[in-house]
């Protein structure tokens, strides 16, 4: 990756973070950036962060061992680290969703679902367009940059499935 790509990626991350702040203000019912949680939720989220942290450490340790051993990977090094970020975020989100601590006290669920769907579409679009235009996810034997969008879309699919299953189970429990 050259310096202009690194600069572009850094700029994109900064714009994404700014966008996240604006989105949080939109999805919270009191229009605050910070989501509010009760004590039970905070404890569950704390454990979720711990599990996600250890998942990231384990994955990075595996990458370190593979790197030391000069094991060739089909994935670019920066892409491998992005995968670690996406996987650890998926672990955190799935854990908190499953244990009832994902939704804060001031969240508008409908707006959240809309934002998650939009994020999925925005990440799936480059992958679909690459396939339609005859491009591939592999370039010169390594993953192409569009795979970051694929990782994000897959993360959102997994989180969405966990949310759906949790909602179904919660509705069943309410009926009983």
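For 29, 35, the sequence from fewest to most other C-beta atoms within 10 Å is 29, 35.
With the alpha-carbon atoms as the only input, what is the per residue convex hull volume for the chain in Å³?
146
Against the chain, whose longest principal axis comes from its Cα atoms, helix 39-68 is set at around 10 degrees. Annotation: extensible slack from residue 118 through residue 66 equals 15.1 nm (criterion: 0.36 nm per residue apart, minus Cα-Cα distance). Axis of helix 109-132 versus longest Cα principal axis of the chain: the two differ by about 20°, to the nearest ten degrees. A straight line joining the Cα centroids of the range 111-159 and the range 1-67 runs 18 Å.
Relative contact order of the chain: 26 percent, from C-alpha pairs under 8 Å at least 6 residues apart in sequence.
Tilt of helix 147-175 relative to the longest C-alpha principal axis of the chain, in degrees (0 to 90, nearest 10)? It is inclined by approximately 20 degrees.
Under the rule of -39500 (n - 2.57) per DSSP H run of 4 or more residues, summed and divided by the residues of the chain, what mean residue ellipticity at 222 nm is obtained, to the nearest 500 deg cm²/dmol?
-26500 deg cm²/dmol
If you plug the beta carbon distance of residue 34 and residue 103 into 1/(1 + (r/R0)^6) with R0 = 22 Å, you get a FRET efficiency near 0.95.
Computed from the coordinates by the stated procedures, all read-outs in this text should not be read as laboratory data. Predicted model, so just to flag it, every value in this text is computed and none were measured. Methodologically, a virtual Cβ is constructed for each residue, glycine included, from the backbone with ideal geometry; neighbour enumeration extends over all protein chains shown.
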